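Single-structure report; data block below.
The values are calculated or read from the model by the stated rules, or taken from the named source; none is laboratory data. All values reported here derive from a predicted model rather than from experimental measurement. No Cβ is skipped: glycine too gets one built from the backbone with ideal geometry, and neighbour counts run over all protein chains shown.
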Amino acid sequence: MSLRRAYPPSYWFGTCGGGRARVFRSADAGVHWSAADTSIRAVPDAGIFALAFRDQTYGIAVGGDYHDQSRPGQSLAATEDGGHS
């Protein structure tokens, strides 16, 4: 898991496992959190590796399967609403 603080007081982090790759977002310095499922492949060795946000609205999540890079599946997700979807 990697925590990304880009624009105070907003934080994002990405997860994998449990069959879902998700981005969690807090707009109040970590007091409350919301989660959005992504289209990135999520199996035990796959999920979100990194997040990058241009501002509080536009961002990307990248990931995949680091043990088998030839395995099919989505490896990039983008948001235009700050990670709500």
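Tabulated results
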item	result
Residue within the range 15-25 that is touching a strand residue (DSSP E or B) at 6+ places or on another chain (Cβ under 8 Å), modelled with pLDDT of 80 or more and surrounded by fewer than 15 Cβ atoms within 10 Å (Cβ to Cβ) present	yes
Every pair of residues 6+ apart whose Cβ atoms lie under 7 Å, when the first sits in the range 18-31 and is over 14 Å from Leu51 (Cα atoms) while the second is aliphatic (A, V, I, L, M) and modelled with pLDDT under 85	Gly19/Ala42; Arg20/Ala42
Filtered residues of the range 51-71 (kept if under 16 Å from Gly17 (Cβ atoms), out of contact with any Leu (no Cβ under 7 Å at 6 or more places or on another chain) and not in a loop (DSSP other than H, G, I, E, B))	Gly63, Gly64, Asp65
One residue from His32, His84 being modelled with pLDDT of 90 or more and either of a type outside the set (Lys, Arg) or surrounded by 13 or more Cβ atoms within 10 Å (Cβ to Cβ) (or both)	His32
Qualifying positions in the range 16-52 - of a type in the set (A, V, I, L, M) and farther than 15 Å from Arg71 by Cβ	Val23, Ala27, Ala29, Val31, Ala35, Ala36, Ile48, Ala50, Leu51, Ala52
Residue in the range 4-13 that is of a type outside the set (Ser, Thr, Tyr), at pLDDT 80 or above and part of a strand (DSSP E or B) present	yes
